[in-house]
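As structure tokens, the structure follows; a few thoughts come after it.
What follows draws every value from the coordinates through simple rules; no lab data is involved. Quick caveat, the model's predicted, so the values are computed rather than measured. Glycine gets a Cβ as well: all are built from the backbone with ideal geometry, and neighbour counts include every protein chain shown.
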């Protein structure tokens, strides 16, 4: 196993950061700095081009957070200036405090003593691998897809790795972590006359090159699925029995009661869930979790972007809503404990309450029995996107592929795109069967509204429920 | 100076051809809950994207390698050297078809000024904030929260062929949530906005419309069967549909064959009853925050007619893909101008239709042409009545509606276009809410 090394640059900066924090401590009720140095590489192959580039998610920078008279401000910068760092930062922070006279006053930000570090391990270090070998292996996957049918007019295979390194320093805390996540995609476009369809297959995890092993066997089934999409029909609008694959189960959990329990939404009065703590919101067979310590996937870490340690939060227990997920600021406003969910898109973005690894716990049903129980419905197979509505508990999922089930069997008919909608407590209360399977997928990014993208994973077992499809 | 240090590193790495893109970002961010400032942030960043190019002479044709790397501001000389050596070696191992690099232009670039140029940052922010809150409380609907961002983005592009260009633009954006109603019956609507000018009137109007929409969503009924009704979209929703045309003109998409267009193609349909599509791609437009005088390679951008009388007459191509397609390069033009239609907006609105105002998340897939979303608020206009509805969903396809799109005569500046205020899309599927 390969252990991720610490960031050399952050190590070089630490003495100056510690010294600046010590100097600034005298002027503010709270002061801290988060330093990030995340490097990534992306590999991509089409029929006409091979590329190896740095990942667009690479970042390096610092964000200072200060509190004075209850007010909180932040200053983010990509480079530590020469000279007196504390004076430079103080000038910017004081300027912000001067212009934020009537700002909201919060209780004191916590700063409990802690020293900790985490350097994750992967089987094969992707950063030391030969790029040409990686491209060749990706190209083999691409060729398998492209050569399956002349109707496939475009195919691309891609792989991306990020080594995320962060330090968090406050007067009483000194934290450090470094870990690798990876994701891979196969994308294909198929065309028949004027009809064009697009499809993808994704792979992800806290993994190194071992992900390439997972891609190859999926290439041909993926290509066939892409061709199937050309025969996709419009679904007759209506409410149906549905079985969600683990990917879609994760999307439902994420959009339904993931965003809905981000407690900064409680502070703004934007989440109905605040009034439902302790009340039934789902079928009694449903348990749902979120946590960077809950699973090993792309949403895992030791500490969040506010220096809080990761935890695992039981959100729904036996169908009853029991807890939300918090950043520090919303926890202070609500008088609750932070859960280690304060996350930033990058050092130059604000921290919000965000999900990490979100999932519904496995149940005891068998998939075959679940399928056999459906008179007429759909297997929700492939997602495109989802959107939350924590205030009014609507849910929207857009799927590229759903498979028709009649009398317990797949008919071979497919539909897409399909918009799935429903009232969140109804969709969750209608969950009548949960399989014993469990899969987490972390190939996507989660936005807050339409911005602030962070790496998360979501998943769980197959679930059976009812949704409106159109 | 960072650029000079990078150039030294490139020479030491043996890179003959290269490009450096420096972006400097100086911004202010305000986060409000209700009318109260919750958090203020200041952001100062610089980033350096460097591309290293190689040339090979593989028989029977020349090849080109490219590797794009990121050099973080504050990187030391040793780190820069190490990154650039890796980039040069990686580029040398790529043997893609050869293409030329962007050469300097002696022509003057399009320039556009902003009202923010003469305002102190804090004052500019305050003007925008005041404008956004101007209608707060209208008919009992209020702003729940607001995030407001304003930054000056300065870009410089330098390459080994003599390109050395720079420009600065103001980029403003934000999001706000409005509420209407009380207690368990309270509803919310989410909205985003972009701006490059302190055009307070437009920004005030954006919020006012959402406050009215929130009030209407409060009394909205479940979306009923709307079979046969065309869909009316306006503002940014309409622009997302129009964007299908510009995105499919992209030379890269044509070269890789995932575009639906090619030169000479008719984007409409023989005998179609809709307006003919006339589209120009342009670098800058007053009030459109996503413009630029040069593309990402430093290629000087000029406005070009791309769809004339419904036919594709020019693709939007970078130097690279123009060479691959044997076409003149236009550069990657970021904005478009879509010609007005034949009917006034009022005339479009006088026909029976469903007007979608906000979706949970409206999507337009520019590869497949599919669009749709779950309805948060729409109005059904038929039998002389206007009924607010919520729930259910709308799906459709731009390709199914080829030649049938009706565009309004009035045009307006949007995020990436000057385009008709509204459009009427005849063939859609509306799934009722119940």
A student applying the Cα gyration tensor rule (rounded when a/c is under 1.5; otherwise prolate if a/b is larger than b/c, oblate if not) would label chain B oblate
Return the FRET efficiency for the residue pair residue A:108, residue A:84: r is the Cβ-Cβ distance, R0 is 25 Å, and the value is rounded to the nearest 0.05.
-> 0.40
Between the alpha-carbon centers of segment B:17-51 and segment B:372-411, tell me the distance in whole angstrom.
-> 37
So, by mean Cβ neighbours within 10 angstrom, what's the order for A:371-378, B:390-397 with the highest one leading?
-> B:390-397, A:371-378
GNM, chain B, Cα, under 10 Å: largest mean-square fluctuation among B:40, B:88, B:292?
-> B:40
How far is helix B:235-248 tilted, in degrees, relative to the longest principal axis of the Cα atoms in chain B, given as a value from 0 to 90 rounded to the nearest 10?
-> 40
Taking the alpha-carbon centroid of each part, what is the distance from segment B:233-286 to segment A:232-251 in angstrom?
-> 31
If one compares the long axis through the Cα atoms of helix B:121-132 with the longest principal axis of the Cα atoms of chain B, the angle in degrees, nearest 10, works out at 20
Acute angle (nearest 10 degrees) that the helix A:219-229 long axis makes with the longest principal axis of chain A, alpha-carbon atoms | 70
Inter-chain Cβ neighbour average for residues A:379-386, partner chain, 10 Å = 1
Could you work out, residue by residue across A:446-455, how many beta carbons of other chains sit within 10 Å of that residue's beta carbon, and then give the average as an integer?
-> 2
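Show me the ranking of peptides A:260-269, B:140-149 by mean Cβ neighbours inside 10 Å, starting with the highest.
By packing density, highest mean first, the sequence is A:260-269, B:140-149.
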Cα centroid of segment B:145-201 to Cα centroid of segment A:314-368, whole Å = 28
Among segment B:312-348, those whose backbone N falls under 13 Å of a label point 7 Å along Cα→Cβ from residue B:265 are B:312-316
Honestly chain A on the Cα gyration tensor test (a ≥ b ≥ c root eigenvalues; a/c under 1.5 rounded, otherwise a/b vs b/c for prolate or oblate) is just oblate
Only residues of segment A:225-250 count here: report those whose backbone N is under 17 Å from the spot 7 Å along Cα→Cβ of residue A:410, or say none.
-> A:225-233, A:242-249
Averaged over the residues of A:55-62, the number of partner chain Cβ atoms within 10 Å of each residue's own Cβ comes to 4
Using only the Cα atoms of the protein assembly as shown, build the gyration tensor, take square roots of its eigenvalues as a ≥ b ≥ c, and label the shape rounded, prolate or oblate: rounded if a/c is under 1.5, else prolate if a/b is larger than b/c, else oblate.
-> rounded
For a label point 7 Å from the Cα of residue B:164 along Cα→C-beta, name the residues of segment B:15-37 whose backbone N is under 16 Å from it.
-> B:18-22
